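Asker: Structure provided below as structure tokens; questions to follow.
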Amino acid sequence: MKTIHQVNFGFFIFTLVLYLTIYLGLLAQVVLGVLQLSIGLYLISYKYREIPSEHQVQLKIYWVITTVYLVSLFFLNVFNFQSNTFWVLYLMIAPMAIATYFTTVLYKLQKKVVPTPSIR
């Protein structure tokens, strides 16, 4: 779990640094999103029973927020928003807020989950 957190945190910081050039930050944000979705799927699929219940709830909240965000992306084409402020909030700030939440969940998770020793 520690390795997963370190990889995620590294990509998260890298994305924040690339946001100094905005365009590269947006591209890195896509990579970070795919990475976090992959980690989230891995945790839900293979490690869910090992995760304490308080963190299971946080992981479910992450998936609800992420699902609502991704579904809303498809419906935004119906509404023709002309506001640049809206698009900055929706395409830059909202995904990074979700990424920050997930990074925080992973940090707390790697502090709590103790690997079980293998029996030989």
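The values are calculated or read from the model by the stated rules, or taken from the named source; none is laboratory data. Computed from a predicted model, the values in this text were never measured in an experiment. Cβ atoms come from the backbone with ideal geometry, glycine included; neighbour counts cover every protein chain shown.
Asker: Would you be able to say whether some residue in the stretch 59-75 is closer than 18 Å to Ile4 by Cα and of a type in the set (A, V, I, L, M)?
Answerer: Checking the stretch 59-75: at least one residue is closer than 18 Å to Ile4 by Cα and of a type in the set (A, V, I, L, M).
Asker: List every residue pair whose Cβ atoms sit under 7 Å apart, with the two residues 6 or more apart in sequence or on different chains, where the first one lies in the stretch 88-113 and is closer than 14 Å to Met1 by Cβ and part of a helix (DSSP H, G or I) and the second, anywhere, is of a type outside the set (A, V, I, L, M, F, W, C) and modelled with pLDDT under 90.
Answerer: Final answer for the pair search is Gln110/Lys2; Lys112/Pro52.
Asker: Okay, moving on. Take the residues in the stretch 74-120 that are within 21 Å of Tyr23 (Cβ to Cβ) and surrounded by fewer than 10 Cβ atoms within 10 Å (Cβ to Cβ); name whichever of them is modelled with the highest pLDDT.
Answerer: Thr85
Asker: Here's something else I'd like to know. Name the residue, out of Tyr23, Tyr69, that is over 23 Å from Gln110 (Cβ atoms), hydroxyl-bearing (Ser, Thr, Tyr), loosely packed, with under 13 Cβ neighbours inside 10 Å and at pLDDT below 95. Spell out the reasoning first.
Answerer: Numbers: Tyr69 fails: loosely packed, with under 13 Cβ neighbours inside 10 Å.
Unique residue meeting the criteria: Tyr23.
Asker: Mind listing whichever residues of the stretch 1-20 are over 16 Å from Tyr107 (Cβ atoms) and loosely packed, with under 11 Cβ neighbours inside 10 Å?
Answerer: Leu20
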